[in-house]
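Working notes, beginning with the structure itself.
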Amino acid sequence: MNGSRYEIFMAPSAHRRFKKFNPRLRDKIKEEARKLATESYVCEELKGPLEGIRSWHFDFYKTQYRIAFRVIEQERQIEIVLVNSRENFYQVLKGIVKAK
């Protein structure tokens, strides 16, 4: 599936968090999300209760961040579920997934 382009959108909970980041980090997240549009299947799928979600990793000013996303193949879309620093990322993600 590499090379195919997907439309990217954020889940409402991810967008609320995104708006709180500083402008430079938001720009970096947008840049990384554009990479997801063509490289989404490079990331391994998570296991257990997070099955169906993939995690993209990037660094920003010496801090590791993760983008959790779902590929919706039939609609050619990628839904960003969470963007957060690596610290407590998976606990926060589990809370979001459980709430859905």
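Key figures
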{"read-out": "Boolean, ALA33 is in a helix (DSSP H, G or I), surrounded by 12 or more Cβ atoms within 10 Å (Cβ to Cβ) and in contact with a Lys or Arg (Cβ under 6 Å, 6 or more places away or on another chain)", "value": "no"}
{"read-out": "Scan of the stretch 59-77 for residues that are surrounded by 16 or more Cβ atoms within 10 Å (Cβ to Cβ) and under 21 Å from PHE21 (Cα atoms), ordered by number", "value": "PHE60, TYR65, ARG66, ILE67, ALA68, PHE69"}
{"read-out": "Close pairs (7 angstrom Cβ cut-off, 6 or more residues apart or separate chains): on the phi < 0 side of the Ramachandran plot in the stretch 77-88, acidic (Asp, Glu) anywhere", "value": "GLN77/GLU7"}
{"read-out": "Filter result (within 22 Å of LYS19 (Cβ to Cβ) and loosely packed, with under 15 Cβ neighbours inside 10 Å) within the stretch 78-100", "value": "SER85, ARG86, GLU87, ASN88, GLN91, GLY95, ALA99, LYS100"}
{"read-out": "Test: residue in the stretch 81-99 that is of a type in the set (A, V, I, L, M) and part of a loop (DSSP other than H, G, I, E, B)", "value": "no"}
{"read-out": "The one condition in (1) modelled with pLDDT of 90 or more; (2) in contact with a helix residue (DSSP H, G or I) (Cβ under 7 Å, 6 or more places away or on another chain); (3) not basic (Lys, Arg) that HIS15 fails to fulfil", "value": "(2)"}
{"read-out": "Selection status of GLU45, acidic (Asp, Glu), out of contact with any helix residue (DSSP H, G or I) (no Cβ under 7 Å at 6 or more places or on another chain), in contact (Cβ under 8 Å) with a residue 40 or more places away in the chain and surrounded by fewer than 15 Cβ atoms within 10 Å (Cβ to Cβ)", "value": "no"}
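The values are calculated or read from the model by the stated rules, or taken from the named source; none is laboratory data. Every value quoted in this text rests on a predicted model; they were computed, and no experiment measured them. Heads up, the Cβs are rebuilt from the backbone with ideal geometry, glycines too, and the neighbour counts pull from every protein chain shown.
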